[in-house]
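The values are calculated or read from the model by the stated rules, or taken from the named source; none is laboratory data. None of these values were measured; they are calculated from a predicted model. Counting neighbours? That spans all protein chains shown, and the Cβs are built from the backbone with ideal geometry, glycine included. With ligands, DNA and RNA removed, areas are computed over all heavy atoms of the protein, side chains included. Shrake-Rupley method; radii C 1.70, N 1.55, O 1.52, S 1.80 Å.
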Amino acid sequence: MRVLLAGGAGYIGTHTAVSLLDAGHDVVLLDDLSGTHAVAAERVETITGRAAPLVVGNAADDAVVTAAFDEHGPFDAIIHFAAFKAVGESTQKPLEYYANNLDSTFALLRVGLERGIRSFVFSSTGTVYADPDDLPFTEESTTSVDLSNPYSKSKRMNEVILADVARVNPELNVTVLRYFNPVGAHRSGLIGEDPAGIPNNLMPFVSRVAIGSLERVGIFGDDYDTPDGTGLRDYIHVVDLADGHVAALQKAQPGYAVYNLGTGVPVSVLELVAAFEEAVGRELPKQVLARRPGDVAATYCDPGKARRELGWSTRLGIDDACRDYWHWQQSNPSGYAGA
Ligand code: UDP
(Lines give C-alpha, C1' and ligand atoms only; values in the text may rest on other atoms or scores of the structure.)
Protein backbone atom coordinates (compact mmCIF):
# COMPACT_ATOMS: atom_id res chain seq x y z
CA MET A 1 0.00 0.00 0.00
CA ARG A 2 1.09 3.57 -0.62
CA VAL A 3 0.14 5.83 2.25
CA LEU A 4 0.11 9.60 2.72
CA LEU A 5 0.74 10.51 6.37
CA ALA A 6 -0.55 14.00 7.14
CA GLY A 7 1.30 15.14 10.24
CA GLY A 8 3.71 12.34 9.43
CA ALA A 9 6.80 14.00 10.92
CA GLY A 10 5.28 14.22 14.41
CA TYR A 11 5.49 11.87 17.36
CA ILE A 12 2.90 9.28 16.34
CA GLY A 13 3.35 9.91 12.61
CA THR A 14 7.06 9.04 12.57
CA HIS A 15 6.52 5.85 14.56
CA THR A 16 3.67 4.83 12.26
CA ALA A 17 5.84 5.57 9.22
CA VAL A 18 8.48 3.18 10.60
CA SER A 19 5.87 0.47 11.26
CA LEU A 20 4.40 0.86 7.76
CA LEU A 21 7.82 0.75 6.08
CA ASP A 22 8.86 -2.26 8.18
CA ALA A 23 5.65 -4.00 7.03
CA GLY A 24 6.58 -3.37 3.37
CA HIS A 25 4.33 -0.39 2.63
CA ASP A 26 5.41 2.91 1.06
CA VAL A 27 4.97 6.24 2.82
CA VAL A 28 5.06 9.94 2.07
CA LEU A 29 5.04 12.40 4.98
CA LEU A 30 3.17 15.70 4.72
CA ASP A 31 3.93 18.06 7.59
CA ASP A 32 4.14 21.82 8.08
CA LEU A 33 6.85 21.29 10.74
CA SER A 34 4.94 23.53 13.17
CA GLY A 35 5.42 20.96 15.93
CA THR A 36 8.44 18.98 14.74
CA HIS A 37 11.61 19.12 12.64
CA ALA A 38 12.55 17.84 9.18
CA VAL A 39 15.27 15.70 10.75
CA ALA A 40 12.51 13.46 12.17
CA ALA A 41 11.73 12.29 8.62
CA GLU A 42 15.41 11.61 7.97
CA ARG A 43 15.53 9.51 11.13
CA VAL A 44 12.65 7.39 9.80
CA GLU A 45 14.83 6.64 6.77
CA THR A 46 17.85 5.87 8.97
CA ILE A 47 15.87 3.38 11.05
CA THR A 48 14.20 1.58 8.14
CA GLY A 49 16.74 2.00 5.35
CA ARG A 50 13.81 3.00 3.14
CA ALA A 51 12.63 6.28 1.60
CA ALA A 52 10.25 8.50 3.57
CA PRO A 53 9.90 11.63 1.41
CA LEU A 54 8.79 14.74 3.30
CA VAL A 55 6.47 17.31 1.72
CA VAL A 56 6.58 20.49 3.81
CA GLY A 57 3.20 22.18 3.85
CA ASN A 58 -0.10 22.54 5.64
CA ALA A 59 -2.58 19.69 5.27
CA ALA A 60 -5.45 22.19 5.63
CA ASP A 61 -4.53 23.70 2.24
CA ASP A 62 -6.12 21.93 -0.76
CA ALA A 63 -3.31 23.15 -3.02
CA VAL A 64 -0.67 21.60 -0.77
CA VAL A 65 -2.50 18.26 -0.62
CA THR A 66 -3.07 18.33 -4.39
CA ALA A 67 0.64 18.99 -4.98
CA ALA A 68 1.53 16.05 -2.71
CA PHE A 69 -0.72 13.77 -4.79
CA ASP A 70 0.67 15.18 -8.07
CA GLU A 71 4.27 14.69 -7.02
CA HIS A 72 4.05 11.48 -4.98
CA GLY A 73 0.66 9.85 -5.66
CA PRO A 74 -1.43 7.93 -6.28
CA PHE A 75 -2.11 6.91 -2.70
CA ASP A 76 -4.21 4.00 -1.49
CA ALA A 77 -4.75 5.57 1.91
CA ILE A 78 -4.39 8.71 3.98
CA ILE A 79 -3.67 8.66 7.70
CA HIS A 80 -4.53 11.99 9.28
CA PHE A 81 -2.40 12.87 12.32
CA ALA A 82 -2.10 16.60 11.54
CA ALA A 83 -3.64 18.51 14.43
CA PHE A 84 -3.00 20.96 17.22
CA LYS A 85 -3.03 18.86 20.38
CA ALA A 86 -2.36 20.92 23.51
CA VAL A 87 -5.50 20.60 25.61
CA GLY A 88 -4.83 23.68 27.79
CA GLU A 89 -3.85 25.86 24.85
CA SER A 90 -7.01 24.84 23.01
CA THR A 91 -9.13 26.55 25.67
CA GLN A 92 -7.21 29.80 25.00
CA LYS A 93 -7.21 29.49 21.20
CA PRO A 94 -10.51 27.81 20.28
CA LEU A 95 -10.77 29.34 16.82
CA GLU A 96 -7.27 28.24 15.83
CA TYR A 97 -7.92 24.73 17.11
CA TYR A 98 -11.29 24.29 15.40
CA ALA A 99 -10.02 25.79 12.13
CA ASN A 100 -6.83 23.76 11.95
CA ASN A 101 -8.22 20.47 13.22
CA LEU A 102 -11.27 20.57 10.93
CA ASP A 103 -9.88 22.26 7.82
CA SER A 104 -7.15 19.64 7.55
CA THR A 105 -9.77 16.88 7.45
CA PHE A 106 -11.79 18.76 4.82
CA ALA A 107 -8.81 19.34 2.51
CA LEU A 108 -7.49 15.79 2.86
CA LEU A 109 -10.93 14.31 2.18
CA ARG A 110 -11.74 16.61 -0.75
CA VAL A 111 -8.50 15.85 -2.55
CA GLY A 112 -8.29 12.23 -1.40
CA LEU A 113 -11.81 11.36 -2.61
CA GLU A 114 -11.23 13.10 -5.93
CA ARG A 115 -8.03 11.07 -6.38
CA GLY A 116 -9.65 7.76 -5.43
CA ILE A 117 -8.20 6.81 -2.05
CA ARG A 118 -9.67 3.64 -0.59
CA SER A 119 -8.96 4.29 3.08
CA PHE A 120 -8.94 7.26 5.45
CA VAL A 121 -7.63 6.70 8.98
CA PHE A 122 -8.21 9.38 11.58
CA SER A 123 -6.33 10.02 14.87
CA SER A 124 -8.94 10.47 17.53
CA THR A 125 -8.82 10.31 21.29
CA GLY A 126 -10.22 8.38 24.22
CA THR A 127 -11.33 11.73 25.68
CA VAL A 128 -14.46 11.61 23.46
CA TYR A 129 -16.00 9.26 26.06
CA ALA A 130 -18.20 11.27 28.34
CA ASP A 131 -19.52 9.01 31.09
CA PRO A 132 -16.99 7.83 33.73
CA ASP A 133 -19.48 5.14 34.79
CA ASP A 134 -18.73 3.36 31.49
CA LEU A 135 -15.16 2.35 32.47
CA PRO A 136 -13.47 0.55 30.87
CA PHE A 137 -14.58 2.39 27.74
CA THR A 138 -15.72 0.31 24.79
CA GLU A 139 -16.48 1.75 21.38
CA GLU A 140 -20.16 1.58 22.40
CA SER A 141 -19.64 3.82 25.45
CA THR A 142 -21.37 7.19 25.47
CA THR A 143 -19.56 9.90 23.53
CA SER A 144 -20.24 13.59 23.50
CA VAL A 145 -19.27 16.65 21.59
CA ASP A 146 -19.88 18.64 24.75
CA LEU A 147 -16.44 17.92 26.21
CA SER A 148 -14.24 19.96 28.54
CA ASN A 149 -11.96 21.56 25.92
CA PRO A 150 -11.86 22.54 22.22
CA TYR A 151 -9.16 19.97 21.40
CA SER A 152 -11.36 17.03 22.44
CA LYS A 153 -14.43 18.65 20.91
CA SER A 154 -12.64 19.10 17.58
CA LYS A 155 -11.78 15.39 17.59
CA ARG A 156 -15.38 14.34 18.24
CA MET A 157 -16.63 16.80 15.58
CA ASN A 158 -14.25 15.17 13.11
CA GLU A 159 -15.68 11.76 13.94
CA VAL A 160 -19.24 12.94 13.32
CA ILE A 161 -18.23 14.48 9.98
CA LEU A 162 -16.32 11.36 8.94
CA ALA A 163 -19.33 9.11 9.65
CA ASP A 164 -21.44 11.29 7.32
CA VAL A 165 -18.78 11.25 4.61
CA ALA A 166 -18.46 7.45 4.89
CA ARG A 167 -22.23 7.09 4.44
CA VAL A 168 -22.22 8.73 1.01
CA ASN A 169 -18.97 7.07 -0.13
CA PRO A 170 -19.79 3.38 0.27
CA GLU A 171 -16.54 2.20 -1.32
CA LEU A 172 -14.44 4.15 1.15
CA ASN A 173 -13.04 2.80 4.41
CA VAL A 174 -13.04 5.32 7.23
CA THR A 175 -11.33 4.15 10.39
CA VAL A 176 -11.35 6.22 13.55
CA LEU A 177 -8.66 5.25 16.06
CA ARG A 178 -9.27 6.48 19.60
CA TYR A 179 -5.89 6.72 21.27
CA PHE A 180 -5.42 6.50 25.00
CA ASN A 181 -2.14 7.93 26.42
CA PRO A 182 0.79 7.43 24.00
CA VAL A 183 4.19 7.13 25.68
CA GLY A 184 7.63 5.72 24.95
CA ALA A 185 9.77 6.00 21.85
CA HIS A 186 11.33 3.84 19.16
CA ARG A 187 13.89 1.44 20.61
CA SER A 188 16.67 2.98 18.50
CA GLY A 189 16.46 6.27 20.42
CA LEU A 190 16.39 8.06 17.05
CA ILE A 191 12.76 9.19 17.09
CA GLY A 192 10.57 10.22 20.00
CA GLU A 193 8.35 12.89 21.44
CA ASP A 194 9.71 16.42 21.24
CA PRO A 195 7.29 18.84 22.92
CA ALA A 196 8.06 22.54 22.64
CA GLY A 197 8.42 24.44 25.91
CA ILE A 198 7.32 22.95 29.21
CA PRO A 199 5.54 19.65 28.55
CA ASN A 200 1.92 19.25 29.64
CA ASN A 201 1.88 15.46 29.63
CA LEU A 202 3.23 13.33 32.40
CA MET A 203 6.00 11.23 30.80
CA PRO A 204 7.72 14.07 28.93
CA PHE A 205 7.57 16.17 32.09
CA VAL A 206 9.13 13.40 34.20
CA SER A 207 11.78 12.86 31.56
CA ARG A 208 12.73 16.56 31.60
CA VAL A 209 13.12 16.35 35.37
CA ALA A 210 15.36 13.30 34.93
CA ILE A 211 17.55 15.08 32.34
CA GLY A 212 17.79 18.09 34.67
CA SER A 213 15.95 20.75 32.66
CA LEU A 214 13.00 20.85 35.08
CA GLU A 215 13.28 20.84 38.85
CA ARG A 216 10.66 18.41 40.13
CA VAL A 217 7.69 16.35 39.11
CA GLY A 218 4.37 17.88 40.16
CA ILE A 219 1.75 15.27 40.96
CA PHE A 220 -1.65 16.74 40.19
CA GLY A 221 -3.69 15.52 43.13
CA ASP A 222 -3.40 12.48 45.41
CA ASP A 223 -6.97 12.59 46.72
CA TYR A 224 -8.81 10.97 43.82
CA ASP A 225 -11.00 7.96 44.43
CA THR A 226 -8.34 5.57 43.08
CA PRO A 227 -6.16 2.94 44.84
CA ASP A 228 -3.26 5.34 45.57
CA GLY A 229 -5.23 8.59 45.20
CA THR A 230 -3.56 9.64 41.92
CA GLY A 231 -5.10 9.62 38.45
CA LEU A 232 -5.39 6.44 36.42
CA ARG A 233 -4.58 6.40 32.70
CA ASP A 234 -4.11 3.81 29.96
CA TYR A 235 -0.52 4.40 28.78
CA ILE A 236 0.18 2.79 25.41
CA HIS A 237 3.67 2.42 23.96
CA VAL A 238 3.85 4.50 20.79
CA VAL A 239 5.27 1.53 18.83
CA ASP A 240 2.22 -0.58 19.75
CA LEU A 241 0.04 2.38 18.78
CA ALA A 242 1.85 2.68 15.44
CA ASP A 243 1.33 -1.04 14.77
CA GLY A 244 -2.38 -0.49 15.39
CA HIS A 245 -2.47 1.78 12.34
CA VAL A 246 -0.83 -0.86 10.17
CA ALA A 247 -3.35 -3.46 11.37
CA ALA A 248 -6.24 -1.07 10.73
CA LEU A 249 -5.11 -0.40 7.16
CA GLN A 250 -4.46 -4.05 6.39
CA LYS A 251 -7.90 -5.10 7.67
CA ALA A 252 -9.78 -2.10 6.27
CA GLN A 253 -13.29 -2.82 4.92
CA PRO A 254 -15.57 -0.32 3.20
CA GLY A 255 -17.60 1.66 5.76
CA TYR A 256 -17.05 3.49 9.03
CA ALA A 257 -15.28 1.74 11.91
CA VAL A 258 -14.05 2.87 15.32
CA TYR A 259 -11.40 1.23 17.47
CA ASN A 260 -9.91 1.98 20.87
CA LEU A 261 -6.14 1.73 20.90
CA GLY A 262 -4.99 1.21 24.46
CA THR A 263 -3.71 -1.51 26.76
CA GLY A 264 -6.76 -1.84 28.97
CA VAL A 265 -4.49 -1.57 32.02
CA PRO A 266 -5.03 1.44 34.32
CA VAL A 267 -1.75 2.86 35.70
CA SER A 268 -1.53 5.56 38.36
CA VAL A 269 0.63 8.68 38.26
CA LEU A 270 2.74 7.33 41.12
CA GLU A 271 3.21 3.99 39.33
CA LEU A 272 4.30 5.73 36.13
CA VAL A 273 6.76 7.96 37.97
CA ALA A 274 8.16 4.92 39.86
CA ALA A 275 8.62 3.05 36.56
CA PHE A 276 10.49 6.02 35.11
CA GLU A 277 12.70 6.24 38.21
CA GLU A 278 13.50 2.56 37.73
CA ALA A 279 14.55 3.22 34.12
CA VAL A 280 16.70 6.17 35.15
CA GLY A 281 18.18 4.32 38.13
CA ARG A 282 17.52 6.97 40.76
CA GLU A 283 14.73 8.70 42.59
CA LEU A 284 13.43 11.95 41.14
CA PRO A 285 12.34 15.02 43.11
CA LYS A 286 8.55 15.19 43.25
CA GLN A 287 5.81 17.06 45.02
CA VAL A 288 2.06 16.65 45.34
CA LEU A 289 0.18 19.64 43.93
CA ALA A 290 -3.49 20.53 43.60
CA ARG A 291 -5.63 18.72 41.05
CA ARG A 292 -5.32 20.06 37.49
CA PRO A 293 -8.59 21.62 36.32
CA GLY A 294 -10.40 19.46 33.77
CA ASP A 295 -8.68 16.20 34.78
CA VAL A 296 -10.72 13.08 35.35
CA ALA A 297 -9.85 10.48 38.02
CA ALA A 298 -9.59 7.59 35.62
CA THR A 299 -9.72 6.72 31.94
CA TYR A 300 -8.84 3.40 30.34
CA CYS A 301 -10.28 1.30 27.58
CA ASP A 302 -11.37 -2.16 26.67
CA PRO A 303 -9.20 -2.87 23.59
CA GLY A 304 -11.07 -6.10 22.78
CA LYS A 305 -12.65 -4.90 19.54
CA ALA A 306 -9.26 -4.12 17.96
CA ARG A 307 -7.97 -7.50 19.12
CA ARG A 308 -10.93 -9.38 17.68
CA GLU A 309 -11.34 -7.49 14.41
CA LEU A 310 -7.82 -6.24 13.62
CA GLY A 311 -5.83 -9.03 15.24
CA TRP A 312 -3.89 -6.34 17.08
CA SER A 313 -2.92 -6.16 20.73
CA THR A 314 -0.24 -4.38 22.69
CA ARG A 315 3.07 -6.13 23.31
CA LEU A 316 4.90 -3.54 25.39
CA GLY A 317 4.32 -2.22 28.90
CA ILE A 318 5.16 0.91 30.85
CA ASP A 319 8.62 -0.43 31.78
CA ASP A 320 9.46 -0.70 28.06
CA ALA A 321 7.99 2.75 27.47
CA CYS A 322 10.05 4.35 30.26
CA ARG A 323 13.25 2.63 29.11
CA ASP A 324 12.71 3.72 25.50
CA TYR A 325 11.64 7.27 26.37
CA TRP A 326 14.69 7.69 28.59
CA HIS A 327 16.97 6.32 25.88
CA TRP A 328 15.53 8.83 23.38
CA GLN A 329 15.83 11.66 25.92
CA GLN A 330 19.45 10.85 26.76
CA SER A 331 20.40 10.50 23.10
CA ASN A 332 18.62 13.79 22.26
CA PRO A 333 18.77 15.99 25.38
CA SER A 334 17.39 18.98 23.43
CA GLY A 335 15.11 16.95 21.15
CA TYR A 336 15.47 17.29 17.39
CA ALA A 337 16.61 20.91 17.71
CA GLY A 338 19.98 19.65 18.99
CA ALA A 339 20.46 17.35 16.00
N1 UDP B 1 -0.04 14.58 35.60
C2 UDP B 1 0.70 14.95 36.73
N3 UDP B 1 1.72 15.82 36.57
C4 UDP B 1 2.09 16.33 35.35
C5 UDP B 1 1.34 15.95 34.21
C6 UDP B 1 0.28 15.08 34.37
O7 UDP B 1 0.42 14.51 37.84
O8 UDP B 1 3.03 17.13 35.27
C9 UDP B 1 -1.12 13.60 35.75
C10 UDP B 1 -2.49 14.06 35.29
O11 UDP B 1 -3.19 14.69 36.33
C12 UDP B 1 -3.12 12.73 34.85
C13 UDP B 1 -1.96 11.91 34.34
O14 UDP B 1 -0.79 12.50 34.94
O15 UDP B 1 -3.68 12.05 35.96
C16 UDP B 1 -1.78 11.93 32.82
O17 UDP B 1 -1.76 13.29 32.38
P18 UDP B 1 -1.41 13.67 30.88
O19 UDP B 1 -1.45 15.16 30.78
O20 UDP B 1 -0.14 12.99 30.48
O21 UDP B 1 -2.57 12.99 30.04
P22 UDP B 1 -4.16 13.25 30.08
O23 UDP B 1 -4.51 14.00 31.32
O24 UDP B 1 -4.45 14.00 28.85
O25 UDP B 1 -4.76 11.88 30.09
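Among the residues of region 161-190, which ones are within 16 Å of the ligand (Cβ to nearest atom), under 19 Å from E278 (Cα atoms) and of a type outside the set (G, A, S)? Once the filter is applied, which keeps residues that are within 16 Å of the ligand (Cβ to nearest atom), under 19 Å from E278 (Cα atoms) and of a type outside the set (G, A, S), region 161-190 yields only V183.
A single entry from E140, E193 fulfils the requirement of being within 15 Å of the ligand (Cβ to nearest atom), modelled with pLDDT of 95 or more, open to solvent by 20 Å² or more (accessible area, probe 1.4 Å) and assigned to a loop (DSSP other than H, G, I, E, B): E193. In contact with a strand residue (DSSP E or B) (Cβ under 6 Å, 6 or more places away or on another chain), open to solvent by less than 20 Å² (accessible area, probe 1.4 Å), within 13 Å of the ligand (Cβ to nearest atom) and not hydroxyl-bearing (S, T, Y): does that describe V206? So V206 fits the description; yes.
When the criteria are applied in full, S148 meets the requirement of being polar (S, T, N, Q), open to solvent by 20 Å² or more (accessible area, probe 1.4 Å), within 16 Å of the ligand (Cβ to nearest atom) and in a loop (DSSP other than H, G, I, E, B). Consider region 95-115 and keep the residues that are open to solvent by 50 Å² or more (accessible area, probe 1.4 Å) and in contact (Cβ under 8 Å) with a residue 24 or more places away in the chain. The one that is farthest from the ligand (Cβ to nearest atom) is R115. Tell me yes or no: at least one residue of region 278-297 is under 13 Å from L202 (Cβ atoms), touching a helix residue (DSSP H, G or I) at 6+ places or on another chain (Cβ under 6 Å) and within 16 Å of the ligand (Cβ to nearest atom). The answer is yes, given that some residue of region 278-297 is under 13 Å from L202 (Cβ atoms), touching a helix residue (DSSP H, G or I) at 6+ places or on another chain (Cβ under 6 Å) and within 16 Å of the ligand (Cβ to nearest atom). Restricting region 300-312 to residues that are touching a Gly at 6+ places or on another chain (Cβ under 9 Å) and more than 16 Å from L241 (Cβ to Cβ) leaves a set whose member that is nearest to the ligand (Cβ to nearest atom) is D302. Looking across region 209-218, just one residue is part of a helix (DSSP H, G or I) and near the ligand (Cβ under 10 Å from one of its atoms), and that is V209. Checking the stated criteria, I211 turns out to be open to solvent by 10 Å² or more (accessible area, probe 1.4 Å) and among the β-branched types (V, I, T).
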